[in-house]
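Okay, so here's the structure we're looking at.
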Amino acid sequence: MTTLTSIRDEIDQWFTEYFNAFIAIGAGKMNPERILLYWGIPLHTSSPKHAKWLNTPQEVVAVLNEMQEVLKKIGYTHTEALDKTITTYNENASRVETIMSRRGSDGAEVDRAAVSFELRRAGNGWIIISTAARPTEATELDKVW
């Protein structure tokens, strides 16, 4: 029998792979369409500036490209996770919350945001079905929401 602890570990490993892919895409080392291995369709995304459904692969990749362009303009090269929590609802549903410190090549922070990812099991793995982000100066999630 699968335990919620083993599912949490599975999600943690999957999220690390996603996190590394996001960084590689931003650095131009990976095709942006690879995000479709991690972001579902439809995908709901929200921040203080928008709330929208992305209903096609093209819309999902376009949002990623827009996000990456903004980050590149401010000198982004990589991300460090300052804090992360994983909530396992059941064997097929989870949430990952993290504070992402986006940094430049000199290691200086260029942006910081708290992001919540809703995940669902799909086929043989996990997929993000919704993201909610907000800028923050916090280093701990319990100081954000």
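The numbers here are math on the coordinates, done by the rules we state, and not lab data. This structure is a prediction, so every number in the text was calculated from the model and none was measured. Counting neighbours? That spans all protein chains shown, and the Cβs are built from the backbone with ideal geometry, glycine included.
Which cross-chain or sequence-distant (5 or more) residues have an amide H under 5 Å from the amide H of SER130, H modelled 1.01 Å from N in plane?
Excluding prolines and chain starts, which carry no amide H, the hits are HIS44, GLU118.
Please list 3J(HN,Hα) in residue order for segment 56-61, calculated via the Karplus relation 6.51 cos²θ - 1.76 cosθ + 1.60 where θ = phi - 60°; whole Hz, with x for glycine and proline.
9, x, 4, 5, 5, 5
Quick one: which residues, 5 or more positions from ASP111 or on another chain, have an amide H under 5 Å from its amide H? H modelled 1.01 Å from N in the peptide plane, none for Pro or chain starts.
ARG102
Among 23-33, 118-128, how do they line up by average Cβ neighbours within 10 Å per residue, starting with the highest?
118-128, 23-33
From the phi of every residue in segment 102-107, what ³J(HN,Hα) in whole Hz does the Karplus formula 6.51 cos²θ - 1.76 cosθ + 1.60 yield, where θ is phi - 60° and glycine or proline is x?
8, 10, x, 5, 8, x
Let me spell out the model: positive unit charges on the Cβ of Lys and Arg, negative unit charges on the Cβ of Asp and Glu, origin at the Cα centre of the chain. What dipole size does that give, in debye rounded to 20?
Using only the charged Cβ atoms, the result is roughly 320 debye.
For Cα pairs less than 8 Å apart in space and 6+ apart in sequence, what is the mean separation divided by the residue count of the chain, i.e. the relative contact order in percent?
22
What are the residues whose amide H is under 5 Å from the amide H of ASP83, where those residues sit 5 or more places off or on another chain and H is modelled from the backbone?
Here the answer is ILE99, since their amide H atoms fall under 5 Å of that of ASP83.
Explain nothing, just the number: relative contact order of segment 77-145, from Cα pairs under 8 Å at least 6 residues apart, as a whole percent.
28
Give the lysines whose C-alpha is closer than 18 Å to that of LYS84, dropping any in the same chain fewer than 8 places away, or say none.
The reachable lysines, counting only those whose Cα sits under 18 Å from LYS84, are LYS143.
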